[in-house]
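Notes follow the structure.
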């Protein structure tokens with residue numbers, strides 16, 4: 001797997017970088033002085049982006065005793081170095097999920113499925129992700145409120161984005177009023193890019209688009225990726241929120257503590273949780289609330305295991321019913337992407353393995369926090385094109401610009417990380433092995449397909465069945481065809497074709513030989529073979545009014561029909577946002593913490 005790629009890095013250099021970075025970061029020792037015992041006011045399940053923020057904010061109230069439970073351990077040392085994120089997929093800090101075989105998509109992937117990485121350590125997916133800070137579109141949030149969720153419009157949530165943020169970038173001076181200063185989550189300019197990034201931005205201008213701050217007033221345009229990093233190091237929620245709060249006497253952070261069940265009293269009020277830690281089954285009790293922040297997979301899974309969900313499904317698994325809530329595990333949304341549209345480029349233009357392992361770049365990182373190790377491998381920029389339907393400024397497509405391809409390692413590991421069928425990979429990408437190249441990946445920002453998270457077993461150690469059901473709505477294929485054509489127009493601009501000798505990979509995709517290359521029928525076949533996840537699941541515990549049959553939560557994030565139980569993470573989203581999800585989840589957690597404080601009579605400061 002991908003770890004074999006990391007073994008190509010000289011061991012001494014790798015160790016030197018990691019030790020230098022961890023020493024500067026002052027890695028926290030999360031050893032279990034905190035064996036949970038007795039009662040707490042609040043129990044937060046999951047120490048990812050949402051859970052870490054909630055535990056930090058709730059423990060600001062000195063007389064509240066807060067327990068944060070995390071199934072994994074501390075973030076590994078290599079997670080501090082942004083470029084080493086490729087070593088974290090399918091590692092011990094990844095849940096190692098796979099989606100179920102897909103009917104309409106993933107046909108070019110092994111078993112018609114793919115990996116589905118989710119972080120399993122303090123900081124959750126913020127400790128293993130690609131670190132891009134993207135809030136989404138203002139219309140996303142106005143629509144949430146229009147769907148029956150008061151208080152979730154853009155003007156109401158903007159202050160929570162700013163509260164979380166400590167913006168230290170220099171590019172977006174013209175949108176300074178949209179950014180926060182002094183918050184825990186540091187957002188910096190991308191510190192290193194290949195020459196291709198300038199070509200990508202010029203290509204957008206040649207197509208009539210401006211270079212924009214997508215976190216400002218409007219999102220349409222081309223942009224350099226903003227990163228959640230501190231001084232060139234990963235700025236995970238573990239570093240930004242959990243570590244500063246962990247020394248508080250009223251906050252217990254328990255690692256390697258896997259929650260298996262929510263406990264309810266006879267009045268259907270959540271009163272505690274059961275969890276496994278150090279080989280023992282333990283119990284922790286909550287005086288006020290249990291808060292699930294286990295993510296779009298973990299939160300519905302735990303609700304189902306605890307008897308909260310569709311009655312028929314629970315009956316099939318012989319789980320006693322606590323509350324019939326048909327929406328639990330439904331409404332799964334993700335951003336499906338196509339990462340296969342590739343262009344060869346002139347020598348020295350793109351990211352490469354030799355750049356990653358160059359001793360000069362290791363030294364530059366250790367001494368100056370500069371160079372290619374400061375950036376997630378291959379990430380350059382984003383674009384959002386005008387929508388063809390409805391409001392043109394509410395984009396239905398995002399484009400990720402990557403300064404490399406899965407062939408950059410000569411077929412060693414990337415093909416398996418992505419999950420391609422080996423024969424397809426060799427035939428389609430083989431002539432790009434080791435060559436300078438780039439990709440433009442169209443991503444659906446507002447897909448119409450919906451999936452599910454369901455039980456495979458009542459055994460809490462068994463992973464749930466994750467079915468994103470990609471491309472089940474035919475409109476998603478039509479949108480992708482439009483996105484493919486726009487991506488090709490980007491790659492074929494003179495900014496990339498002339499200045500970087502960009503040549504599109506016009507190999508016919510294996511499995512689509514029966515269609516005329518370049519026709520809509522061909523791109524339909526291509527889409528069904530090459531579409532897969534962008535690792536942005538959400539929506540499985542939907543926030544919606546009671547009239548919605550799939551409503552799981554009210555607008556205060558309380559589970560319907562039950563007491564003392566909330567869900568606060570990506571699963572609450574009624575509709576997915578138009579961009580990467582880490583920043584919106586941080587906002588949800590910041591707002592959720594204030595909702596809880598106000599509900600329990602604790603005054604909160606006005607947001608920026």
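The values are calculated or read from the model by the stated rules, or taken from the named source; none is laboratory data. Values in this document were obtained by computation on a predicted structure and should not be read as measured data. Heads up, the Cβs are rebuilt from the backbone with ideal geometry, glycines too, and the neighbour counts pull from every protein chain shown.
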**Request:** Would you confirm whether any residue within segment 373-388 is over 28 Å from residue 210 (Cβ atoms), surrounded by 16 or more Cβ atoms within 10 Å (Cβ to Cβ), over 21 Å from the mean Cα position of the chain (by Cα) and modelled with pLDDT of 90 or more?
**Result:** no
**Per-region count, segment 509-534, residues surrounded by 15 or more Cβ atoms within 10 Å (Cβ to Cβ) and in a loop (DSSP other than H, G, I, E, B)** = 6
**Request:** Within segment 420-440, track down each residue that is surrounded by fewer than 21 Cβ atoms within 10 Å (Cβ to Cβ) and within 27 Å of the chain's Cα centre (by Cα).
**Result:** 421, 422
**Prompt:** Which one of 487, 495 is over 27 Å from the mean Cα position of the chain (by Cα), under 20 Å from residue 204 (Cβ atoms), touching a residue at least 40 places away in the same chain (Cβ under 8 Å) and part of a helix (DSSP H, G or I)?
**Reply:** 495
**Prompt:** For segment 578-586, does any single residue satisfy the condition of being without any contact (Cβ under 8 Å) to a residue 40 or more places away in the chain, assigned to a helix (DSSP H, G or I) and at negative phi?
**Reply:** no
**Message:** Any residue that is more than 15 Å from residue 577 (Cβ to Cβ) and either in a helix (DSSP H, G or I) or free of Cβ contacts under 8 Å to residues at least 60 places away in the same chain (or both) - is there at least one of those in segment 133-151?
**Reply:** no
**Boolean, residue 192 is within 28 Å of residue 569 (Cβ to Cβ) and touching a helix residue (DSSP H, G or I) at 6+ places or on another chain (Cβ under 7 Å)** = no
**Request:** Return yes when residue 222 is in contact with a helix residue (DSSP H, G or I) (Cβ under 8 Å, 6 or more places away or on another chain) and outside any strand (DSSP E or B) and no when it is not.
**Result:** no
**Request:** For segment 226-249, indicate whether the set of residues that are touching a strand residue (DSSP E or B) at 6+ places or on another chain (Cβ under 9 Å) and over 30 Å from residue 176 (Cβ atoms) is non-empty.
**Result:** yes
**Request:** Could you tell me which of the residues 340, 329 is under 28 Å from residue 551 (Cα atoms) and part of a loop (DSSP other than H, G, I, E, B)?
**Result:** 329
**Message:** So, in segment 404-429, how many residues would count as being free of Cβ contacts under 8 Å to residues at least 24 places away in the same chain and either in contact with a strand residue (DSSP E or B) (Cβ under 7 Å, 6 or more places away or on another chain) or over 13 Å from residue 510 (Cβ atoms) (or both)?
**Reply:** 2
**Fill in**
For segment 261-290, the count of residues that are free of Cβ contacts under 8 Å to residues at least 12 places away in the same chain and at positive phi equals 1
**Request:** Take the residues in segment 157-199 that are in a helix (DSSP H, G or I), more than 21 Å from the chain's Cα centre (by Cα) and touching a residue at least 40 places away in the same chain (Cβ under 8 Å), then tell me which one is surrounded by the most Cβ atoms within 10 Å (Cβ to Cβ).
**Result:** 196
**Any chance residue 295 is buried (at least 22 other Cβ atoms within 10 Å of the Cβ) and either free of Cβ contacts under 8 Å to residues at least 60 places away in the same chain or on the phi > 0 side of the Ramachandran plot (or both)** = yes
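A quick yes/no check of all residues on (1) touching a residue at least 24 places away in the same chain (Cβ under 8 Å); (2) more than 23 Å from residue 178 (Cα to Cα); (3) in contact with a helix residue (DSSP H, G or I) (Cβ under 6 Å, 6 or more places away or on another chain); (4) crowded, with 22+ Cβ neighbours inside 10 Å:
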| residue | (1), (2), (3), (4) |
| --- | --- |
| 542 | yes, yes, no, yes |
| 548 | yes, yes, no, no |
| 552 | yes, yes, no, yes |
| 557 | yes, yes, yes, yes |
| 567 | yes, yes, yes, yes |
| 589 | yes, no, yes, yes |
**Message:** Being out of contact with any helix residue (DSSP H, G or I) (no Cβ under 7 Å at 6 or more places or on another chain), at pLDDT 70 or above and not in a loop (DSSP other than H, G, I, E, B) narrows it down to one residue among 54, 67, 14; which is it?
**Reply:** 67
**Message:** When you scan segment 92-101, do you find a residue that is crowded, with 24+ Cβ neighbours inside 10 Å and outside any loop (DSSP other than H, G, I, E, B), even just one?
**Reply:** no
**Message:** Where the second residue is surrounded by 15 or more Cβ atoms within 10 Å (Cβ to Cβ) and in a helix (DSSP H, G or I) and the first is touching a residue at least 24 places away in the same chain (Cβ under 8 Å) and on the phi < 0 side of the Ramachandran plot and lies in segment 517-535, which pairs have Cβ atoms under 6 Å and are six or more apart or on separate chains?
**Reply:** 520/481; 523/481; 523/484; 524/477; 527/477; 527/480
